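Novice: After the structure tokens below, expect a handful of questions from me.
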Amino acid sequence: MLERILVDNAETYNACLQERIEAWKLQRKSITYRDQQDELTELRKDERFQWLACDIQRDPLRRVDRAFKAFFRRVKAKSGKAGFPRFRARARYDSFAFSLPVCRERSIKIPNVGDIRARGGRSITGREKLCTIKRDGNRWTASVVCDIGPAPEKVTVSTAVGIDVGLTTLATLSNGVEIENPRWTRKHERRIADAGRVLARKQKRSNNRTRARQALRRAHQCAANARLNYIHHVSKWLISTFDLIVHEKLNIHGMSQGRLAKSIMDAAWGILLYQLKYKAEEAGVWVVPVNPRGTSQRCSNCGEVVKKTLSQRVHSCPNCGLELGRDHNAARNILSLGMSDAGASLQNLALLPSGGLK
Ligand SMILES: [Zn+2]
């Protein structure tokens, strides 16, 4: 049933996209979400369209609408390529969403389908708002958005930290603690790279190729799981140790697409930020982004600009004599930027807890 929903929704998605494109090409007319929703209502008078719940059927309409809105926003912003919304192959159409799901102890109710057994994950708190069912290789996952009421008040800041992302370590903190990349990262990288090479050698449309593709997917999944787990550990520790966490604003468009190791690092950093953000919200902790410009060059003690190339790993200030690791210096700068942004005073630095990740 779930597969069937995806196939149906993929078709609806492509039809909606095509309709919008053609209406524009032929009549210079732009079609809105409301137009397509009305059309769907009309179509649903036919019995053949009624097996699927209306809410689920509307999901691709919403997605097409979001895709166009995002496209026009990018055109307006003139930031790089705007990327026109694309048609989606069935095999790549992997999820659908519906609102107000009913989640029980061991099952989730999908409209017109019934209760589907579900296990694991966090038990649900608050009021369920939205559910997304996703096909992930041969697994299916459900994520549920819940309303858990207003966020708690922010705490008064007595401990603060700045974080700098490195190339060799996951992060360096302003108190000098380095959060390592776990040893297994390299192992996973190698496995993904190997699986990719094996896949490239297989003949198109062969069974061997399908198997190789599954192996590659498993390798990616395995790495992603391990990474997620580790980053939960890190973010939880940061949130429970500090009241104010300052990080550099992430430039997603500037992120690398080339080297595997680098792209995995970028992904890890993105996940860490996301986790920090929502965990901070729940705990009333401050998480403040700052513009990182100049933070690696400026001396965190006297403000002198000390030029260094990317390969120079040590900051050594000719003006005040401060000598620190490059990332450590940057993290201290990031912290003080965040402190002035948040209006907290630098005196509190004395209260910095020491010691690393346990
Ligand atoms: Zn200095």
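The values are calculated or read from the model by the stated rules, or taken from the named source; none is laboratory data. Please read all numbers here as calculations on a predicted model, not as lab measurements. Every residue, glycine as well, gets a Cβ built from its backbone with ideal geometry; the counts of neighbours run over all protein chains shown. For accessibility, only protein heavy atoms count, side chains too; no ligands or nucleic acids. Shrake-Rupley method; radii C 1.70, N 1.55, O 1.52, S 1.80 Å.
Novice: Which members of segment 158-203 meet the condition of being open to solvent by less than 10 Å² (accessible area, probe 1.4 Å) and among the aliphatic types (A, V, I, L, M)?
Specialist: Residues satisfying the conditions are Ala160, Val161, Ile163, Leu170, Ala171, Leu173, Ile179.
Novice: Hey, among the residues in segment 273-300 that are without any contact (Cβ under 8 Å) to a residue 24 or more places away in the chain and within 17 Å of Leu337 (Cβ to Cβ), which one's farthest from the ligand (Cβ to nearest atom)? Can you show your working first?
Specialist: Of the residues in segment 273-300, the ones without any contact (Cβ under 8 Å) to a residue 24 or more places away in the chain are 274, 277-278, 293, 297.
With the extra rule that they be within 17 Å of Leu337 (Cβ to Cβ), the set shrinks to 293, 297.
Details: Arg293: 18, Gln297: 11 Å.
In this case the residue turns out to be Arg293.
Novice: Six or more apart or on different chains, Cβ atoms under 8 Å: show the pairs whose first residue is in segment 21-43 and over 15 Å from Asp65 (Cα atoms) and part of a helix (DSSP H, G or I) and whose second is open to solvent by less than 100 Å² (accessible area, probe 1.4 Å) and not hydroxyl-bearing (Ser, Thr, Tyr).
Specialist: Correct list of pairs: Leu43/Phe49.
Novice: Shifting gears a bit: Does Val290 satisfy the criteria of being of a type in the set (Val, Ile, Thr), open to solvent by less than 20 Å² (accessible area, probe 1.4 Å) and in contact with a Lys or Arg (Cβ under 8 Å, 6 or more places away or on another chain)?
Specialist: Values: of a type in the set (Val, Ile, Thr): yes; open to solvent by less than 20 Å² (accessible area, probe 1.4 Å): yes; in contact with a Lys or Arg (Cβ under 8 Å, 6 or more places away or on another chain): yes.
Spelling it out, Val290 is indeed of a type in the set (Val, Ile, Thr), open to solvent by less than 20 Å² (accessible area, probe 1.4 Å) and in contact with a Lys or Arg (Cβ under 8 Å, 6 or more places away or on another chain).
Novice: Tell me which residues, restricted to segment 143-153, are in contact (Cβ under 8 Å) with a residue 40 or more places away in the chain and part of a strand (DSSP E or B).
Specialist: The one that is in contact (Cβ under 8 Å) with a residue 40 or more places away in the chain and part of a strand (DSSP E or B): Val144.
Novice: Kindly indicate which of Arg106, Arg135, Arg117 is in contact (Cβ under 8 Å) with a residue 12 or more places away in the chain, open to solvent by 70 Å² or more (accessible area, probe 1.4 Å) and more than 22 Å from Ala268 (Cβ to Cβ). Steps first, answer last, please.
Specialist: On the way: Arg135 fails: open to solvent by 70 Å² or more (accessible area, probe 1.4 Å); Arg117 fails: in contact (Cβ under 8 Å) with a residue 12 or more places away in the chain.
Just a single option satisfies the conditions, and that option is Arg106.
Novice: Now for a different question. Scanning for something modelled with pLDDT of 90 or more, within 14 Å of the ligand (Cβ to nearest atom) and crowded, with 17+ Cβ neighbours inside 10 Å, does segment 310-318 turn up at least one residue? Walk me through how you get there before you give the answer.
Specialist: To start, the set of residues in segment 310-318 that are modelled with pLDDT of 90 or more comprises 314-318.
This time we only want the ones that are within 14 Å of the ligand (Cβ to nearest atom), so: 314-318.
Remaining after also requiring crowded, with 17+ Cβ neighbours inside 10 Å: 315, 317.
Within segment 310-318, one or more residues are modelled with pLDDT of 90 or more, within 14 Å of the ligand (Cβ to nearest atom) and crowded, with 17+ Cβ neighbours inside 10 Å.
Novice: Next question, about the same structure. Can you tell me which of (1) of a type outside the set (Gly, Ala, Ser); (2) under 19 Å from the mean Cα position of the chain (by Cα); (3) outside any strand (DSSP E or B) is the one Arg135 doesn't meet?
Specialist: The single condition Arg135 does not satisfy is (3).
Novice: Among Ala261, Ala267, Ala331, which is the only one that is within 16 Å of the ligand (Cβ to nearest atom), in a helix (DSSP H, G or I) and either at pLDDT below 85 or over 19 Å from the mean Cα position of the chain (by Cα) (or both)? Show your work before the answer.
Specialist: On the way: Ala261 fails: within 16 Å of the ligand (Cβ to nearest atom); Ala267 fails: within 16 Å of the ligand (Cβ to nearest atom).
Matching residue, one of Ala261, Ala267, Ala331: Ala331.
Novice: Please go through (1) farther than 28 Å from Leu2 by Cα; (2) open to solvent by 70 Å² or more (accessible area, probe 1.4 Å); (3) part of a helix (DSSP H, G or I) for Lys81 and return the number of the only condition it doesn't satisfy.
Specialist: All conditions pass for Lys81, except number (3).
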